[in-house]
1. So which residues in the stretch 42-77 are more than 21 Å from the chain's Cα centre (by Cα) and modelled with pLDDT of 90 or more, if there are any at all?
2. Please verify whether ASN97 is in a helix (DSSP H, G or I) and at pLDDT 90 or above, treating the condition exactly as stated.
3. Show the residue pairs meeting these rules: Cβ distance below 9 Å; 6+ apart or different chains; first residue within the stretch 131-151 and over 13 Å from LEU47 (Cα atoms) and of a type in the set (Lys, Arg); second residue in a helix (DSSP H, G or I) and modelled with pLDDT of 85 or more.
4. For the stretch 122-133, does any single residue satisfy the condition of being touching a Phe, Trp or Tyr at 6+ places or on another chain (Cβ under 7 Å) and in a helix (DSSP H, G or I)?
5. If the Cβ limit is 8 Å and pairs must be 6+ apart or interchain, which residue in the stretch 61-82 that is assigned to a helix (DSSP H, G or I) pairs with which residue that is surrounded by 10 or more Cβ atoms within 10 Å (Cβ to Cβ) and of a type in the set (D, E, K, R)?
6. Hey, does the stretch 26-35 have a residue that's surrounded by 10 or more Cβ atoms within 10 Å (Cβ to Cβ), in a helix (DSSP H, G or I), within 26 Å of the chain's Cα centre (by Cα) and not aliphatic (A, V, I, L, M)?
7. Kindly indicate which of ALA82, ALA88, ALA99, ALA61 is out of contact with any Cys (no Cβ under 7 Å at 6 or more places or on another chain) and surrounded by fewer than 13 Cβ atoms within 10 Å (Cβ to Cβ).
8. How many residues are closer than 25 Å to ARG71 by Cα and not hydrophobic (A, V, I, L, M, F, W, C) when one looks only at the stretch 81-104?
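The values are calculated or read from the model by the stated rules, or taken from the named source; none is laboratory data. No experiment lies behind these values; they were computed from the predicted model shown. FYI the Cβ positions are ideal-geometry reconstructions off the backbone, even for glycines, and counts take in every protein chain you see.
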Amino acid sequence: MNQRINEAVGEILESAKKSELPKTVEDAVLDSVNKSQEASAKWIALLKDVSKDYEGLVAKAGANARAINDRVLDNAAKNSQAVLDHAAAAVKTGDVNAAVKGQFEFVSAQLGIWNDQQVELLDLSSKIANDMLEATSKATNSTIERFSATI
């Protein structure tokens, strides 16, 4: 049985060696391969460009996160220093009534400052969100246009 299979395979291989593709078929296949290589090169170049666009978005998002973080840290440092300064001043008064009155005034003033800081952070976050939305929209539209141009 194996011998018959081996002989049949040998005959098929021998027959295949003798056959040739018609020149028109060979030319069409080679043309198709060349066109596929060109299209592939265009797509790869496009993907590299698109990748750079999105790398820019990620970098922008990182910079925005640092801006918010810096603002939060700055506010925390200012608020902490205000508390420490107030505590030192309260101790120096030597008068409990004056210290209590100063404490109420400090808390009242500090609440206004904290509110202003929160509004400022909200405004900054909203601006950043809008900027990122706009940048993402531009990048997406540009990507769609470039992909459409290569099809």
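1. ARG71, VAL72, LEU73, ASP74, ASN75, ALA76, ALA77
2. In short, no.
3. Note: pairs meeting the criteria are LYS138/ASP53.
4. Initially, the stretch 122-133 is screened for residues touching a Phe, Trp or Tyr at 6+ places or on another chain (Cβ under 7 Å), giving none.
Looking for residues that are touching a Phe, Trp or Tyr at 6+ places or on another chain (Cβ under 7 Å) and in a helix (DSSP H, G or I), one finds none in the stretch 122-133, hence no.
5. Pairs that qualify, where the first residue is assigned to a helix (DSSP H, G or I) and the partner is surrounded by 10 or more Cβ atoms within 10 Å (Cβ to Cβ) and of a type in the set (D, E, K, R), are ASN64/ASP131; ARG71/GLU120.
6. No, the stretch 26-35 contains no residue that is surrounded by 10 or more Cβ atoms within 10 Å (Cβ to Cβ), in a helix (DSSP H, G or I), within 26 Å of the chain's Cα centre (by Cα) and not aliphatic (A, V, I, L, M).
7. Values: ALA82 fails: surrounded by fewer than 13 Cβ atoms within 10 Å (Cβ to Cβ); ALA99 fails: surrounded by fewer than 13 Cβ atoms within 10 Å (Cβ to Cβ); ALA61 fails: surrounded by fewer than 13 Cβ atoms within 10 Å (Cβ to Cβ).
Every option except ALA88 fails the conditions.
8. Step one: filter the stretch 81-104 for residues closer than 25 Å to ARG71 by Cα, giving 81-87.
Now drop any that are not not hydrophobic (A, V, I, L, M, F, W, C), which leaves 81, 85-86.
Of the residues in the stretch 81-104, 3 are closer than 25 Å to ARG71 by Cα and not hydrophobic (A, V, I, L, M, F, W, C).
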